[in-house]
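A.B. asks: Before anything else, here's the structure in question.
The values are calculated or read from the model by the stated rules, or taken from the named source; none is laboratory data. The shown structure was predicted, so the numbers you read here are calculated from the model rather than taken from an experiment. We place every Cβ from the backbone using ideal geometry, glycine too, and count neighbours over all the protein chains shown. Side chains are part of the model used for accessible areas, which takes the heavy atoms of the whole protein and leaves out ligands, DNA and RNA. Shrake-Rupley method; radii C 1.70, N 1.55, O 1.52, S 1.80 Å.
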Amino acid sequence: MRTLLVAATAALALLFACSSDDDTPGGGASSTSSSSSSSSTGGTPPDPSTLFDPLPPATPDKLRGVWETKESGDTGQIALRLRFTDDYIAGTARCTSPAGQSLDAPNLTGIDSADIDAKEGVIAVPGGLQFSAADGDFKCNADLPGGDLAFVIEGTTLTLALEGAEGTLTFTKVGD
């Protein structure tokens, strides 16, 4: 089994991995595994399975909207998209093998104490956000740990840092 470590920082311990025991083309099969945990009340939760659909244009300098980070390696590409709303973070990790097989792993969690129309602040993500999906031997996994995530936005660039740890993770805004 080969694993692609796409982005990991000491601060976030954010791990993306896509792996496969073979390079057989999968024809774009998709499998999802989703569980949600909400510490917030109110608001309609966004559907994480729609994050790779066409999006409205990105509004700069606001956390509200859809952000993406991605990485490529020998075992494929992984992209993580996160949608920030008043009460939730919805996310989908999308892994693509070198043979073109695609696999989405969506999930949703509640957030506390965030001004998502601000350029900087803190998002409390009590339970973290885990992504996991498998299609035979092809697997897609990512983990955003729980805790307070400090954020700073410059235009369409978002920098996240887990408070009390070193390092950051950078996202690009891809839509609202």
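A.B. asks: Of the heavy-atom accessible surface of segment 130-176 (probe 1.4 angstrom), what whole percent is carbon and sulfur? Present the calculation step by step, with values, prior to reporting the outcome.
C.D. replies: Working: 920 of 1980 Å².
The nonpolar share, carbon plus sulfur, comes to 47 percent.
A.B. asks: At 0.36 nm per residue, minus the direct Cα-Cα distance, what do K119 and D74 gain on full extension? Give it in nm, one decimal, please.
C.D. replies: Extra length available between K119 and D74 comes to 12.6 nm.
A.B. asks: At R0 = 45 Å, how high is the FRET efficiency between A99 and T159 if r is their beta carbon distance? Nearest 0.05 is fine. Don't jump to the answer; show the numbers that get you there.
C.D. replies: On the way: r = 34 Å, r/R0 = 0.75.
Calculated value: 0.85.
A.B. asks: With a 1.4 Å probe and all protein chains in place, put V174, V66 in order of accessible area, largest first.
C.D. replies: Descending accessible area places them as V174, V66.
A.B. asks: Quick one: accessible area per residue over segment 96-165, 1.4 Å probe, rounded to a whole number of Å²?
C.D. replies: Numbers: 2600 Å² over 70 residues.
Accessible area per residue, segment 96-165: 37 Å².
A.B. asks: Using r as the Cβ-Cβ distance of T168 and D53, and R0 as 30 Å, what FRET efficiency do you calculate, to the nearest 0.05?
C.D. replies: Plugging the Cβ-Cβ distance into 1/(1 + (r/R0)^6) gives 0.60.
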